[in-house]
Each structure stands twice: as C-alpha cells, then as structure tokens.
Amino acid sequence: MGPGRAHSKLAIALGVLALVAVGAVTAVVVAARGGGTSKVATTGEFAPISVSRPVVPTLAGAVVQDPESGVTNHLSTMILQLPGVHRYRITITNTSNLGFINSFEWYPPIGVRIMRVTGSSAGDCALSGLTGFGGNQFKTVLLHPNITCTKVNLKPPSCTCLGDGGSMSISFVADREMPAVGAARMISATLVREPIPSYLTAGAASQQLPEGHG
Amino acid sequence: MSGRRIGTLAVPALFVAVALGLLAGCGGDAVDSGGLTAGDRKAAQTAMDALQKSNVAIQLVNITDTVQSVPAACRVHLTSNEPRTFKVYVFWVPWLGSQPYTWLDMTLTKDVTKDAFHLGTAKPVLPGGRLDPNGRDVNPWTVDTTLLSRYGPAQARKNREVLRARGGDVFSKPGAGCQVLRNGSLRLLPNA
C-alpha cells in the first residue's frame with residue numbers, strides 16, 4: 001500500500017468520525033434544550049411544598065388532646081326571622097377569594113333541627129344529612145339534617161374587603177328558636193384565574209367610594 | 001480511490017449523524033414509561049408554568065395550609081393531542097377529621113382562556129364531635145378535631161378510594177406525576 005492510499009483511508013476515517021461527532025453533539029444540545037432535562041431550581045420557593053403542624057401532646061403513644069382545627073370562611077351567613085313560628089330566612093354571601101361558589105351546605109346551630117326548606121332565591125336547595133341510621137333498618141331517618149344547595153353559582157367579590165360577592169337566600173322552618181346563624185361550608189367552586197385582592201389600592205378605593213361621601 | 005470511495009462512506013455516515021440528532025434531540029415519537037413524548041412533557045410544563053402567580057397558585061398553597069397536609073396526589077394526564085390538552089389533578093387528605101377532602105381538577109390547554117379549574121370538597125368522616133379518648137365514643141357537643149389517622153385502617157382505605165374515584169381516568173397513560181412547590185407552582189415529575 002502506498003503512502004497516498006494510506007492518507008486517503010485516514011482522511012475517510014477522520015471524515016466519518018467528524019460527522020458522527022457532529023451528530024452526537026447536536027443530539028446532546030437539542031436534547032438539553034427541548035427534552036426537558038435542563039436544570040431547574042429545587043430550593044427555596046421552588047422546593048416541594050411542606051406544612052408545619054402544631055405539636056400534638058401524647059402520653060404513652062396516645063394523643064392526649066386533639067389540636068384545634070383551622071377555619072376557612074368562604075361564605076358568610078345572615079339570618080332574618082320571618083312571620084310565623086320558627087320561620088327564618090338566611091342570606092348566604094360569597095366572601096371567598098376562590099371564584100364562583102357552585103354548591104354549599106349550611107349547618108344549623110347545635111341543637112336546632114331544620115324541619116323543611118320552604119324556598120330559595122337561586123339553585124336547588126333541599127334538606128340533606130345522614131341517612132341509613134342503624135344500617136338499613138331505618139332508611140328514611142335523617143340525622144343531623146342540614147341544607148344543601150347546588151347550582152347556585154355565587155359570583156366572587158371584586159375584593160374580599162368589600163363583601164360584594166354573589167348572595168342568595170333560603171327560607172326554612174326550624175323546630176325551635178335559632179340562637180345563632182349556623183355555619184355554611186363550600187362544597188364546590190370554580191376558581192377564577194386572576195387573584196382576588198384582599199385590599200384596595202389607592203386608585204381603586206377612590207373609585208369605590210359612593211358620591212357625596214368623599 | 002478515492003473521491004468515489006469517500007463519497008460512498010460519507011453518505012451513510014451523514015445519515016447516521018442526522019438520525020442521531022433527530023432521534024435524541026427532537027424526541028421523535030419516542031415515549032417514556034408514562035406514555036409521554038418529550039414534546040408532551042414540555043407542553044405540560046409550559047401549561048403549568050402559565051399558572052404561576054395566578055389565583056390557582058395561591059389556592060394550591062392556601063389549601064395545603066388549611067388542611068395541614070401536602071397533596072396526597074398530583075397527576076398530569078394528556079387527554080387530547082389536537083389541541084394538546086392536559087388534565088391536572090391535585091388531591092389532599094386532611095390532617096384533621098374536621099377538614100374536608102379537597103381536590104382541584106384543572107383542564108389546561110395552550111389557549112389559557114379555555115382553561116378550567118374546578119374545586120371540590122367532601123367530608124372525610126361522618127359529621128360529629130370530638131372522638132373521646134377511648135376511641136369509641138363521640139361527644140356530639142364538640143367540633144370534631146380528631147386526627148384523621150386516628151380513625152384507623154378503614155379510614156385510610158376510604159382515603160385511597162376517594163382519591164382514586166375523584167381522579168377518574170387521570171391515573172391512566174399517557175401521564176406523569178407532578179409536584180406542588182412552595183410558591184404554588186406545579187412541576188412535572190419524570191416517569192421512572
């Protein structure tokens with residue numbers, strides 16, 4: 001084999017190697033950019049979410065005292081006594097920063113039993129609660145009756161500081177006088193994308209003031 | 001030789017190089033063990049990134065704080081290729097019996113105006129009072145603040161059942177797990 005032929009073989013081999021190298025580099029670069037393997041922050045606010053729970057006192061492995069529950073108020077309740085015996089109307093207002101409240105349930109104060117729902121200004125409201133007391137023995141017995149409302153779609157407030165969210169009223173008959181307003185709990189909601197503010201900026205506040213009160 | 005010979009060898013080599021680049025780089029139609037392509041994963045992460053600083057991100061943090069538990073499930077499922085649509089499902093099992101199961105169902109597309117966010121809740125235990133120290137009686141004149149874990153294995157089983165039931169087909173392929181971050185962002189996790 002002559003030196004010319006040897007040089008040609010070397011040139012071919014180098015050319016092939018160069019092409020393979022270019023391909024490999026292209027692969028790595030494109031994979032890093034488009035394949036989702038680029039470096040991402042995993043500390044600070046980019047760390048997985050965690051919770052700090054209160055210390056639960058225990059004695060010999062047993063819980064001595066259960067912790068207090070947090071309270072979330074997405075709905076406010078006002079009550080009005082109607083003419084007649086133990087007839088009431090409650091007004092439920094969306095005070096949440098969630099969005100539209102689609103359904104909720106309202107619990108009467110402890111010791112009060114709701115006998116029947118006589119009307120509502122929106123959605124479908126009916127008595128609900130625990131049925132099947134004693135297994136199947138007393139299927140129709142309703143324990144702890146409360147009122148569940150669906151398809152209400154209460155609009156969110158423009159600011160949680162204003163209380164201008166959607167509201168609706170429910171009329172009902174109780175078995176006794178109502179010593180308190182009870183409690184409403186959101187069951188489902190449709191979140192809005194834009195955050196709902198909890199305070200007004202100076203410009204927005206002046207726009208909200210009614211005329212003649214400035 | 002040699003011009004001809006070089007040409008003979010260089011052409012296949014060029015093909016190999018280009019094929020390597022296309023295969024590894026663009027992902028092609030190659031799917032991971034969860035059935036997602038690299039393009040799917042990128043689109044999913046982009047859709048979730050669009051939620052940063054939105055009300056959804058705020059609520060992901062708020063709910064975690066309220067139920068005092070990190071999400072028990074976070075899952076991304078590709079529901080449609082044209083247009084590319086993802087369902088994202090986050091489910092919380094509360095720490096206390098008085099707090100509700102909470103789940104957030106999101107539908108994410110490239111067009112953010114078509115995104116939808118549905119929040120649902122359900123009581124994990126029968127309404128009642130605080131569980132007495134003997135673990136058998138409930139004081140009806142109290143608010144239930146019993147640790148949910150104290151209700152035992154039957155409750156744990158119920159937790160898992162509700163989690164799966166509310167998620168529907170979100171756990172099927174193609175999909176992947178996700179993670180809620182401290183700032184309320186969502187991160188797609190790699191499939192094993």
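Computed from the coordinates by the stated procedures, all read-outs in this text should not be read as laboratory data. These figures come from a predicted structure and were not determined experimentally. Please note: Cβ atoms are built from the backbone with ideal geometry, for glycine as well, and neighbour counts cover all protein chains shown.
Computed quantities for the displayed model
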item	result
Shielding by partners, peptide A:97-107 (average Cβ within 10 angstrom, other chains)	3
Number of partner chain Cβ atoms within 10 Å, mean per residue of B:54-64	4
Computed lengthening from A:ASP124 to A:PHE46, 0.36 nm per intervening residue step minus Cα-Cα distance	23.8 nm
The range A:75-191, Rg to Rh (Cα coordinates; Rh as Kirkwood inverse mean 1/r)	1.00
5 angstrom amide H check on A:ILE187, placed H, neighbours 5+ away	A:SER103, A:PHE104, A:GLU105
Difference of contour (0.36 nm per residue) and Cα-Cα distance, B:LYS110 to B:LEU147	9.2 nm
Net charge contributed by nearby residues that have their C-beta within less than 13 Å of A:PRO48 (K/R +1, D/E -1)	+1
Shielding by partners, peptide A:42-49 (average Cβ within 10 angstrom, other chains)	5
Environment charge at B:LYS53 (Cβ cut-off 11 Å; Lys +1, Arg +1, Asp -1, Glu -1)	-1
Derived scalar couplings ³J(HN,Hα) [the range A:92-103; Karplus, 6.51 cos²θ - 1.76 cosθ + 1.60; whole Hz; x for Gly, Pro]	9, 10, 6, 10, 7, 9, 7, x, 7, 8, 8, 8
Summed residue charge, Cβ within 15 Å of A:PHE100's Cβ, Lys/Arg positive, Asp/Glu negative	-1
Under-5 Å amide H pairs with B:CYS178, H placed in peptide plane, nonlocal only	B:CYS74, B:ARG75, B:VAL76, B:LEU189
Under-5 Å amide H pairs with A:MET115, H placed in peptide plane, nonlocal only	A:VAL173, A:ALA174, A:ASP175
